[in-house]
Amino acid sequence: MEPGCPERVSLTVDLLRECVRQDVLSRLRKSFPTTFKTHLGIPPVSPESFNAFMFEVLAHSSVIGGSDRNEELLPGYELTVADGSPSLRNAVWQVFFRGVQSGNKSVDAFLAAANGFLQDEGHIKELRTMIDRARQSDAANPLVCDGIQERFMAWVNERLAVCLPSLLSVLQEELTQLQGSFRELCESSLAMMDQSILPATKRRRTDGETSHAADISDALPGCVVVSEDGGKKTVCFSLDPALTAASSVMRRMNTAHEIRRGHAVKLWRRYFTSDASRSAHRATRDVSLDEDDTDASFADLQGVICRRVDGPHNAEAIDACRIRFNHAVWILLHRYQTLFGPRSGEGSGWQLAAPSAVHDMLREVFDVHHECFASPLNAHHSTFNSLFPDVDRPFGSRGSFFADESFSGGGAYEVGPPYDVGVMERMVEKLLSHLSTAKESGVSLSFYLVLPDWDVSSINRLFNCPFHQWSFTLPKRHHRYCSGLQHQRKNKHQYVLCETPTLMMGLETRPTTDRPVDPDVLKSLIKAWMP
C-alpha cells in the first residue's frame, strides 16, 4: 500500500478522528462529577458511575447504521440519555449504601450525604431520631434497621423525581454540544495536519468543499508503528512520531498501546480470517498454532496464519492487510481506553468475562457459538455482539446486541452484559421479546445468562418468565472471571476472583419436559467457574 494512496490517507484521517474523539469525550468525563453534584447535591461515589452512564447511553441510543459515519462522536449511534436513567438512580443509591451492608460506612458520613442530597432539615432531623432509636436498641448496624431504609428510600425517590430530570436534560445537551465540537475539532485538526505535513501543498476543492484527503500525498508518515518486546512477549502499537508531532491533540495523550503477543496473534487471526475479501471456505480453515510456533516473533506468526489460510500468497497483498490491521488494532485499543478512562486499569471490571472452561461447556452441551455482550479483546467465540460496530466488526462483531434482530431466528447464545441496572433492564426487554417471537414461530431459541445476583426488577422478571429453565448462584470470591485486562496480563494473572455473587441462568423456548437439564451438567458447569 503506497503512502499516498487514497486508502492510506483514509486510514490516517481515521487515526486523527479517533484522537479527537478521545479528547472530546474526556471533557464529558471530567465535567460529569461536577454536573452530578450541582444537580443532586452529592458527588458520584466513583469514576465507574460515568462508565455506567455511558453504557446506558449506548444501550438506549438509536442505532442509525452506517458504521463508516466517522463524523459521529460515536459512529453508528444517535446518542440519547435514557429516560429516568436507572444507572444514575443506582449511582445515587451507591453514594448512600455502598459499604452500609458491611458496616463500613459511618453514620456521620451517611447523614452528611443525605443532608446534601435531600436538602430538607425536617427529613434529616427525623432520620437522626430513627438512627438514635436504633442505636439505643443495640442494633449492630442502625443504617439497615427495619423502617429506616424504607423511609429514607421514599425520600430519595421523591427528591429524584424533582432533580433527576434537570440533570438528564443537561447531560443530553452536553452530548449534543460535544457532537458539534467533535466535528469542528476534526476539521481544524485535519487542516492543521495538512499544513504541518505538507506546508507547500495547497488545498484542493471538490464541488466547493475542502477535501483534506486530497492534500496528503507521499509525504504521509507511516502512521502506526509496531514494535515487539521478545522478553516480555508483548507487542506495542503506537502512532508514528511524525504524525503525533503534526497534531496538538495527539501530542497531549497516550498514543502507544501494548498488549500480549498471544492476544495480538488472536486479533490478527480474527482480522485475517474475517476479511471480507476472503471466501467462506478459507475463513473456516484451521488456523490454530502449533507449540513449535509459540516462540516465534509476532511478524512470523502472522505469516504462519496467512499461509494456513491462503497457502502461497501475494506478499504485497499481505503487507497491505498488515497495514490495515495495524490501524484497526490501534483504533480498537484507543476506543476502549476512551470509553473506560485514561488511567491504567480503569474500567477493567466492565470487560470481565466468563472463564474459557465455562464457554467450552456451553458450546459442547448447549451448542452455544455466539456471545451477546463482548469485545474483540475478551470474546471467546468467533462471532459476538459489541459496543462499537465501526471498530469491532473487522474482528468478528455483529454490532450492538440491541440492534441485532437475528436472534428470533433461533440458536443458542451466551449473554453476559455489563453489570449495570440500566443496561440490564433494556437487555431483559429484548431477550423476552426475542423469545416470545421465536416461541410463536415454533423456533428453538436459548439464552444462557451470566448476571450479578442482585435483587433488582429486571433480574426478578427472568425468574418469573415462562422461559426460565434452570439457574444457580455462585458465592463471591469462590469463583473466577477472566480479567478485564486479559489482553495485557501474563497468563498467571489472567483470572480474578469475583467480588459479587454470580447468577447463571438458562432461558429456552422449549418446555423443560422436552429436554430436562441433567443435574450433573449443572454441577460440571459450576465446577468450570472454580479457581
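The values are calculated or read from the model by the stated rules, or taken from the named source; none is laboratory data. Given the structure is predicted, the values throughout are model-derived calculations rather than measurements. When we count neighbours, we look across all protein chains shown, and the Cβ atoms used for this are built from the backbone with ideal geometry, even at glycine. We work out accessible area using only protein heavy atoms, side chains counted, and drop any ligands, DNA or RNA first. Shrake-Rupley method; radii C 1.70, N 1.55, O 1.52, S 1.80 Å.
Of everything in region 366-384, what is β-branched (Val, Ile, Thr) and buried (at least 19 other Cβ atoms within 10 Å of the Cβ)? Give them in sequence order. Matches in region 366-384: 368 only. Mind listing whichever residues of region 70-84 are closer than 15 Å to residue 389 by Cα and open to solvent by less than 10 Å² (accessible area, probe 1.4 Å)? The answer is 72, 73, 74, 75, 76, 77. Screening residue 192 with (1) modelled with pLDDT of 90 or more; (2) open to solvent by 20 Å² or more (accessible area, probe 1.4 Å); (3) in contact with a Ser or Thr (Cβ under 9 Å, 6 or more places away or on another chain) gives one miss only, at (1).
Return yes or no: is residue 449 touching a residue at least 24 places away in the same chain (Cβ under 8 Å) and open to solvent by 20 Å² or more (accessible area, probe 1.4 Å)? It is false that residue 449 is touching a residue at least 24 places away in the same chain (Cβ under 8 Å) and open to solvent by 20 Å² or more (accessible area, probe 1.4 Å). Filtering region 225-248 to residues that are open to solvent by less than 20 Å² (accessible area, probe 1.4 Å) and either small (Gly, Ala, Ser) or in a loop (DSSP other than H, G, I, E, B) (or both) leaves 246, 247.
Of the residues examined, residue 388 is one that is in contact (Cβ under 8 Å) with a residue 40 or more places away in the chain, surrounded by 23 or more Cβ atoms within 10 Å (Cβ to Cβ), closer than 16 Å to residue 51 by Cβ and in the same structural domain as residue 520 (by the TED database).
Residues of region 147-171 that are loosely packed, with under 12 Cβ neighbours inside 10 Å, among the small types (Gly, Ala, Ser) and farther than 26 Å from residue 132 by Cα: 161 alone. Taking the conditions exactly as written (among the β-branched types (Val, Ile, Thr), in contact with a Lys or Arg (Cβ under 6 Å, 6 or more places away or on another chain) and not in a loop (DSSP other than H, G, I, E, B)), does residue 428 satisfy them or not? Criteria met by residue 428. Among the numbered conditions (1) closer than 22 Å to residue 373 by Cβ; (2) at pLDDT 90 or above, the only one that residue 35 does not meet is (1).
The residues of region 12-63 that are touching a strand residue (DSSP E or B) at 6+ places or on another chain (Cβ under 8 Å), open to solvent by 30 Å² or more (accessible area, probe 1.4 Å) and not β-branched (Val, Ile, Thr) amount to a single one, 62. State whether one or more residues within region 474-486 are out of contact with any Asp or Glu (no Cβ under 8 Å at 6 or more places or on another chain), in a loop (DSSP other than H, G, I, E, B) and either free of Cβ contacts under 8 Å to residues at least 24 places away in the same chain or of a type in the set (Gly, Ala, Ser) (or both). The answer is yes; a qualifying residue exists.
Can residue 405 be described as free of Cβ contacts under 8 Å to residues at least 24 places away in the same chain, in a loop (DSSP other than H, G, I, E, B) and of a type in the set (Asp, Glu)? Criteria met by residue 405. Scanning region 476-518 for residues that are modelled with pLDDT under 75, in contact with a strand residue (DSSP E or B) (Cβ under 9 Å, 6 or more places away or on another chain) and polar (S, T, N, Q) yields a total of 2. Here residue 413 fits the description: open to solvent by 10 Å² or more (accessible area, probe 1.4 Å), at pLDDT 95 or above, closer than 30 Å to residue 73 by Cβ and not in a helix (DSSP H, G or I).
Working only within region 253-274, note down all residues that are assigned to a loop (DSSP other than H, G, I, E, B) and at pLDDT 85 or above. 253, 254, 255, listed by residue number. Within region 354-365, restricting attention to residues that are at pLDDT 95 or above and open to solvent by less than 30 Å² (accessible area, probe 1.4 Å), the residue that is farthest from the chain's Cα centre (by Cα) is 362.
What residue, of 442, 484, is of a type in the set (Gly, Ala, Ser) and over 30 Å from residue 234 (Cβ atoms)? Only one candidate qualifies: 442.
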